[in-house]
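The values are calculated or read from the model by the stated rules, or taken from the named source; none is laboratory data. Computed from a predicted structure; not experimentally measured. Here the Cβ positions follow ideal geometry from the backbone for every residue, glycine too, while neighbour counts run over all protein chains shown.
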Amino acid sequence: MIEQKTGTTLAPDWAAMMQARFVAAMEKGAKPVTGVYAMLDAVRAMGLPMRVGTNSSMEEMAVKFAATNLGSYFGDRVHSAVDVGAPKPRPDIYLTAARQEGVAPHACVVLEDSLPGAQAALAAGMTCVMLVEPGKTPPELPGVLRIEHLSEFPAVLERLNGQG
């Protein structure tokens with residue numbers, strides 16, 4: 001698409017070069033979302049399994065996890081749409097995660113921060129909770145629950161699980 005729009009021919013290794021630059025930038029710039037550690041600790045304390053379904057590559061996730069110290073929460077429970085061959089908004093990544101966890105899709109709750117991710121969760125038949133920055137207008141998606149802070153997520157899980 002870049003070649004078509006610019007009329008320029010890109011080097012054969014252009015995509016790999018850009019990926020390497022992107023990963024290098026993440027090493028310096030990846031920051032955890034406010035409240036993520038407390039939220040993950042609360043979900044872990046509930047005894048609920050957690051997995052990551054991402055459009056990022058596994059290399060990107062390794063760098064992000066190293067920069068944010070989040071890797072210990074997920075271990076090998078990370079699923080990349082690159083490996084599945086179907087990026088969000090297709091539901092494949094979430095269906096793969098549910099299948100590997102041994103949980104029916106309708107019993108899964110997905111925490112998302114993007115429109116394609118929320119669309120993927122809904123297409124997979126899962127409940128979607130979307131983190132929307134305060135003051136931002138959330139996308140119109142019927143059935144998506146919305147929160148503004150990660151601290152709200154454990155209470156949503158308790159309500160959905162009939163405990164709150």
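Would you point out the residue of segment 99-120, among those that are crowded, with 16+ Cβ neighbours inside 10 Å and part of a helix (DSSP H, G or I), that is farthest from the chain's Cα centre (by Cα)? Once the filter is applied, the top-ranked residue is P105.
Given the conditions (1) among the hydroxyl-bearing types (S, T, Y); (2) surrounded by 17 or more Cβ atoms within 10 Å (Cβ to Cβ); (3) free of Cβ contacts under 8 Å to residues at least 40 places away in the same chain, which single one is not true for T96? Result: T96 passes all but (3). A search for C-beta distances below 8 Å between a residue of segment 64-77 that is within 12 Å of V36 (Cα to Cα) and any residue that is outside any helix (DSSP H, G or I), counting only pairs 6+ apart in sequence or on different chains, returns T68/A30; T68/K31; T68/P32; N69/P32; L70/P32; Y73/M50. Residue count for segment 121-155 under the criterion of being buried (at least 16 other Cβ atoms within 10 Å of the Cβ) and touching a residue at least 40 places away in the same chain (Cβ under 8 Å): the result is 4.
For K88, the stated conditions hold: it is farther than 18 Å from L40 by Cβ and either at pLDDT below 90 or not in a helix (DSSP H, G or I) (or both). Pairing each residue of segment 38-59 that is within 12 Å of P154 (Cβ to Cβ) with any residue that is at pLDDT 95 or above and of a type in the set (S, T, N, Q), provided the two are 6+ apart or on different chains, yields C-beta distances under 9 Å for A38/S151; M39/S151; A42/S151.
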